[in-house]
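Report on the structure given below.
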Amino acid sequence: MLNYKNNDPHIEGTSLHDLVKVCETPFYVYSQEKIINQVNKTKEILGKNIFYSIKSNSNQAILKLMNSLDLGADVVSVGELKRALDAGFNPNKIIFEGVGKSEQDLLYAMHKNIRLINTESLEEIKLLDSLATEKNRVVDIGVRLNPDIDGETLNKISTGKKTDKFGIEIDKIDKIVELVKSCKSLNLVGISCHIGSQISKIEAFKNTFNQMKMAANKFIESGINIKHVDLGGGFHVKYKDSDPDFNIGMVKEELDNCFTKTNYELSFEPGRYLIAEAGITVTSIITIKNNGGINYLIVDAGMNTLIRPAMYGAHHEISAINVNSEEFMNYAIAGPICESSDIFLKNIKLAKQKIGNLLVIKNTGAYGKVMSSNYNSRPLPSEILVHNDNYAIIYSPEKIEKTIEADIIPSWL
Ligand SMILES: Cc1ncc(COP(=O)(O)O)c(C=O)c1O
């Protein structure tokens, strides 16, 4: 994402060094141009029914941008639903998913008249029906199916296998039909699925499409008027330089092969694919040390800033900003958090570094800031959006004093 102008690293037309002058590291930077290009490319290939999975990056500025690009929103909590509404998404373009929605969550979604509430269990269908009946409403719903497909991705981001907690098993369609037909206040109009994240095998998408087509046919044959078939997200992003390119055109080919003439509309709900590559994390080297023959660069970003490596074993490439040195060294790059898992990369060759230098962690636009925490009582990272030679700080963390103030000391202490 960085381009160099006279040896000066830039994001679009903005110098990284200018950003460091106004914002303390670690921080996230996003390129507006990259987001727009990726969204437009995705829409061009997969069609207009794209619901941005806002869990991947739910900053209000990003949501406003996504809404201006005519995307819908896929939300998984009332908090996210409030974010989407606040950013201006039309309720009719919001889908509410999530494996555990409370009564209050369902009531709120119903009250906001969103496009679809995608239910994930038979119990949830029953609960929603009783709430809708109580409120004298008829509510359009979808059902998230679990197609029992292994997306062959990282274990902790697989969601489509039979034993995963998500969706209703696809071989329970008869039960779903029977239940829905007995519901007074629900209209089943959609089915959806999401087999996991970071899926690179086109075969997995092909199998999913076939399963979903069969499922749609089965519902239709049982007298249910399916209008929407939502095929999830999960498109791969090239995190390692050595990863093969993910060809979304091949997903489209499989889509066209599978769904020829249909009376329902097809949609997708990607997050990562739309924004991961448009973001980087900028961090400074706090100290340098050698332990047991390993050269550690201890940086100010940690697992509290970007948890994916520690949590999933995910890989993010890291590059140095000072590339002029003649001397190269092998480093391990670790954060300041008191956990052994707080390591980003173990064996990376970089130009010789010194304290204070900047490093850039790549492809962190998705599931970066949204998963950050105050662990070790460190502040959350800031976020900056760049637009040509313009930039804006779009998230500024509260001071640690404010965080401390939120704790409440009981009277007996
Ligand atoms: C139901 C659902 N849809 C869509 C997504 C988006 O996945 P991705 O960001 O990999 O495209 C997720 C991510 O976990 C999800 O749980």
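Here are some notes:
- Each Lys and Arg Cβ is given +1 and each Asp and Glu Cβ -1; about its Cα centre, the range 32-276 then shows a dipole of about 440 debye.
- Centroid-to-centroid, using Cα positions, the range 294-320 and the range 24-96 are 26 Å apart.
- Distance in nm between pseudo-label sites at D8 and S373 (7 Å out along the Cβ direction from Cα): 4.0
- If you take all other residues with their beta carbon under 14 Å from the beta carbon of N187, and give Lys and Arg +1 and Asp and Glu -1, the sum is +3.
- Alpha-carbon centroids, the range 107-146 and the range 338-386: separation in whole Å: 40
- Label zone at K252, where the point sits 7 Å out along the Cα-to-Cβ direction: the range 195-228 residues whose backbone N lies under 20 Å: 199-210
- Computed from the C-beta positions of A351 and K181, the FRET efficiency with R₀ = 56 Å rounds to 0.25.
- T25, T163 arranged by Cβ crowding within 10 Å, fewest neighbours leading: T163, T25
- Proximal lysine pairs, the range 310-412, alpha carbons under 30 Å, eight or more residues apart or interchain: 13
- Of all beta bridges that DSSP places with both ends in the range 32-276, some 5 percent have antiparallel geometry.
- Placing +1 on the Cβ of every Lys and Arg and -1 on the Cβ of every Asp and Glu, with nothing else charged, gives the range 304-408 a dipole about its Cα centre of roughly 280 debye.
- Its relative contact order, with pairs defined as Cα atoms under 8 Å and 6+ residues apart, puts the range 32-276 at 20 percent.
- Protection proxy ranking, peptides 286-292, 224-230, 169-175, average beta carbon neighbours within 10 Å, highest first: 224-230, 169-175, 286-292
- Beta bridges assigned by DSSP with both partners in the chain are antiparallel in approximately 50 percent of cases.
- Applying 0.36 nm per residue to the separation of N330 and N225 and subtracting their alpha-carbon distance, the gain on full extension is 31.8 nm.
- DSSP-defined beta bridges in the range 1-158 - what % are antiparallel, rounded to 5: 35
- A DSSP coil position with no more than 15 other Cβ atoms inside 10 Å describes the following GluC sites (Glu not before Pro) in the range 1-85: E24.
- Per-residue [θ]222 nm for the chain (sum of -39500 (n - 2.57) over DSSP H runs n ≥ 4, rounded to 500): -8500 deg cm²/dmol
- Estimated FRET transfer efficiency when R0 is 30 angstrom, pair N291-N37 (beta carbons, to 0.05): 0.10
- Pair N263, T163: separation of 7 Å Cα→Cβ label points (nm): 4.0
Values quoted throughout were computed directly from the atomic coordinates according to the rules given, and no laboratory measurement underlies them. These numbers come from a predicted model, not from an experiment. Quick reminder, even Gly has a Cβ in these numbers, built from the backbone with ideal geometry, and neighbours come from all protein chains shown.
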